[in-house]
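Colleague: Sending over a structure as structure tokens; questions will come in a sec.
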Amino acid sequence: MGAQKPAIQVKDLYKVYRVGETKVRALNGVDFTIYKGEFCSIVGASGSGKSTLLNMLAGLEKPTKGQVIIAGEHIEKKNENQLVKFRREHIGFIFQSFNLMATMDAVENVALPLTFQGVGRSERIKKANDVLDLVGLQKYKDHRPTQMSGGQQQRVGVARALVVRPEIIFADEPTGNLDSKTSEEVMRLMQKVVREQNQTLVMVTHDNHLATYADRIFHIKDGKIEWIEDNRANSLEENDTTTNIKKESNL
Ligand code: ADP
Ligand code: MG
């Protein structure tokens with residue numbers, strides 16, 4: 001890992017919200033580096049600062065103090081227009097509520113981010129088809145969201161995040177709307193794409209078990225990273241079952 005390229009560097013990061021007379025230290029001095037190709041989970045109780053941290057990393061909110069460096073660029077120094085462009089080019093999101101377009105089928109949903117990059121139609125469709133194959137949705141390409149299960153919809157969500165080959169994918173409670181069996185299948189899918197595509201993925205969850213699918217687990221409490229758990233031995237063990245899952249899962 002030491003020889004690897006940093007994907008995200010966080011230095012001395014603070015976010016203080018003022019609520020009336022009181023100050024809430026949502027992030028209270030956070031430092032870490034995430035490397036290219038890593039699957040990291042950020043786990044902590046409700047109110048511990050997970051979403052705040054993810055929002056800072058993705059440039060959705062400005063930190064009170066500190067630095068976030070992605071692909072060598074300082075996120076905290078960018079203005080709103082620069083951030084929009086940066087996110088479009090370097091960042092993918094997976095949402096708890098999937099956020100798919102109801103009137104579009106799977107291919108069109110996955111192709112959508114490429115439209116904003118000015119990719120031509122035939123190229124968009126080809127890329128969307130390839131990513132849908134990768135996430136195991138070969139048979140559902142012309143299905144609209146209402147014609148798919150929750151697990152299938154989130155597979156489309158994963159494919160849509162991947163299609164622009166982003167520097168980093170962020171996921172905030174990506175399985176929050178799924179039952180536990182489907183959640184595990186989506187987690188295994190995310191493990192698979194991280195490994196096969198050397199993709200960097202940062203996932204926030206309040207669920208200690210789901211966090212163990214990651215290579216490293218960042219435990220957050222009261223706006224601070226309490227400890228970083230190296231979980232590579234365990235998460236690789238889980239990988240032994242992925243070939244079976246591909247066969248048995250019909251999400
Ligand atoms: P988590 O995602 O882990 O549940 P959050 O990052 O949403 O936690 O919140 C961390 C802390 O910051 C909580 O105490 C929350 O109430 C507070 N907080 C979050 N957003 C705001 C805001 N916009 N204004 C004031 N306080 C906030
Ligand atoms: Mg949250």
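Colleague: For the chain, what proportion of DSSP beta bridges, expressed in % and rounded to the nearest 5, is antiparallel?
Modeller: Antiparallel bridges: around 55 percent, rounded to the nearest 5.
Colleague: Quick check: the angle from helix 180-197's long axis to the longest principal axis of the chain, C-alpha only, nearest 10 degrees?
Modeller: Helix 180-197 sits at roughly 90 degrees to that axis.
Colleague: Shifting gears a bit: Relative to the longest principal Cα axis of the chain, at what angle does helix 121-134 sit, 0 to 90 degrees, rounded to 10?
Modeller: Between the helix axis and the principal axis of the chain, the angle is about 80 degrees.
Colleague: Quick one: angle between helix 106-115 and the longest Cα principal axis of the chain, in degrees between 0 and 90, rounded to 10, please.
Modeller: 50
Colleague: Could you compute the FRET efficiency for residue 180 and residue 32, with r as their C-beta to C-beta distance and R0 at 35 Å, rounded to 0.05?
Modeller: 0.75
Colleague: When the solvent-accessible surface of protein heavy atoms is calculated with a 1.4 angstrom probe, in what order do 200, 33, 146 fall, highest first?
Modeller: Highest to lowest solvent-accessible surface, that is 146, 33, 200.
Colleague: Report ³J(HN,Hα) in whole Hz for each residue of segment 73-80, in order, from the Karplus equation J = 6.51 cos²θ - 1.76 cosθ + 1.60 where θ = phi - 60°; Gly and Pro get x.
Modeller: 10, 7, 5, 5, 9, 7, 8, 4
Colleague: OK, next. Report the gain in length on full extension from residue 130 to residue 198: 0.36 nm times residue separation, minus Cα-Cα distance, nm rounded to one decimal.
Modeller: 22.8 nm
Colleague: Where the accessible area of the chain is counted over protein heavy atoms with a 1.4 Å probe, how much of it, in %, is carbon and sulfur?
Modeller: 47
Colleague: Please calculate the 1.4 Å probe accessible area of residue 62, with all protein chains present, and give it to the nearest 10 Å².
Modeller: 90
Colleague: If you don't mind, there's one more thing I want to ask. With n ≥ 4 as the cut-off for DSSP H runs, can you work out [θ] at 222 nm for the chain, using -39500 (n - 2.57) per run divided by the number of residues, rounded to the nearest 500?
Modeller: -11000 deg cm²/dmol
Colleague: If you don't mind, another one. Among 189, 106, 174, whose Cα sits farthest toward the positive end of the charge dipole of the chain (+1 at Cβ of Lys/Arg, -1 at Cβ of Asp/Glu, about the Cα centre)?
Modeller: About the Cα centre, the residue reaching furthest to the positive side is 106.
Colleague: What is the extension gain from residue 99 to residue 123, computed as 0.36 nm multiplied by their sequence separation minus the C-alpha to C-alpha distance, in nm to one decimal?
Modeller: 6.3 nm
Colleague: Here is a further query. Given a 1.4 angstrom probe, what's the average accessible area per residue across segment 6-249, in square angstrom?
Modeller: I get 47 Å² per residue for segment 6-249.
Colleague: For residue 230 and residue 12 in one chain, what is 0.36 nm times their gap in residues minus the Cα-Cα distance, to one decimal in nm?
Modeller: Additional length available on full extension: 76.3 nm.
Colleague: For the cross-link pairs 23/85; 23/50; 62/127; 36/85; 11/85; 5/192, which exceed 26 Å when the distance is taken from alpha carbon to alpha carbon?
Modeller: 23/85; 62/127, as the Cα separations exceed 26 Å there.
The values are calculated or read from the model by the stated rules, or taken from the named source; none is laboratory data. What you see is a predicted model, and the numbers here were worked out from it, not measured in a lab. Because the Cβ atoms are built from the backbone with ideal geometry, glycine has one as well, and the counts that use them run over all protein chains shown. For accessibility, only protein heavy atoms count, side chains too; no ligands or nucleic acids. Shrake-Rupley method; radii C 1.70, N 1.55, O 1.52, S 1.80 Å.
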